[in-house]
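Okay, structure first, notes after.
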Amino acid sequence: MPVRAELDEIDIKILRELQSEGRITNVELSERVGISAPPCLRRVRKLEEAGIIEGYRAMLNAASLGYDLVAFCMIGLAQQSEIHLRAFADRTLHWPIVRQCWMVSGESDFLLHCVATDLAEFQDFVIDDLTAADNVDTVRSMLTIRQIKNEGPVDLHGKSRLPSGR
């Protein structure tokens, strides 16, 4: 189990600001968190090296680029051995329509977040790729109506310190 980082209040402020605005300059970031620029940059680099900051990316408006359909698929495998789970997980890496994939517990084995240009493209993916994939037993899909909330994946509001791991 990974060791959780021991972060102080300044680290948390840095993470909040970067999660909110990843293109902020180091000077602006240092002003917002209340420290000078050189130690701020050192802290950011330390957070990157520790793997706490995994990367930076632009958030795109999918609909404005012609990707009008967002769906979630719950996938059940016929066999759940490690080799079968890994094989399906590896297969998802080659499907561009799958934007995020989680291995889950419960009634399904995987949850896929899919983005497609339209219903026809999504249907072709489900029929030609998902249901045809080795070891796939069930595919349950849910088409979205509208997105209600889109926050960063980690809620750092109200946190002054993150717990340390064991």
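Here are some notes:
- Taking the range 63-143 and dividing mean pair separation by its residue count, relative contact order in percent (alpha carbons under 8 Å, at least six apart): 47
- Rounded to the nearest 10 degrees, the inclination of helix 37-49 to the longest alpha-carbon principal axis of the chain is 30 degrees.
- At R0 = 45 Å, FRET efficiency that the Cβ-Cβ distance of Glu6 and Gln80 yields, to 0.05: 0.80
- Relative to the dominant Cα principal axis of the chain, helix 9-20 is inclined by about 50°.
- Pairwise label distance in nanometres, Leu119 with Glu54, each label 7 Å out on the Cα-Cβ vector: 3.3
- Computed E for Thr138/Ser20 - FRET, C-beta separation, R0 35 angstrom, nearest 0.05: 0.35
- Checking (i) 11.1; (ii) 12.3; (iii) 10.6 against mean projected area of the Cα convex hull in nm² calculated from these atoms, the matching label is (ii).
- Estimated FRET transfer efficiency when R0 is 45 angstrom, pair Leu41-Ala62 (beta carbons, to 0.05): 0.85
- The chain: calculated mean residue ellipticity at 222 nm from DSSP helix runs of at least 4, using -39500 (n - 2.57): -9000 deg cm²/dmol
- With N counted as the residues of the range 63-143, its alpha-carbon radius of gyration over 2.2 N^0.38 Å works out to 1.05.
No lab work stands behind these numbers, since they all come straight from the coordinates. From a predicted model like this one, the values you see are computed outputs, not experimental measurements. Don't worry about glycine lacking a Cβ; one is built from the backbone with ideal geometry, like all the others, and counts go over all protein chains shown.
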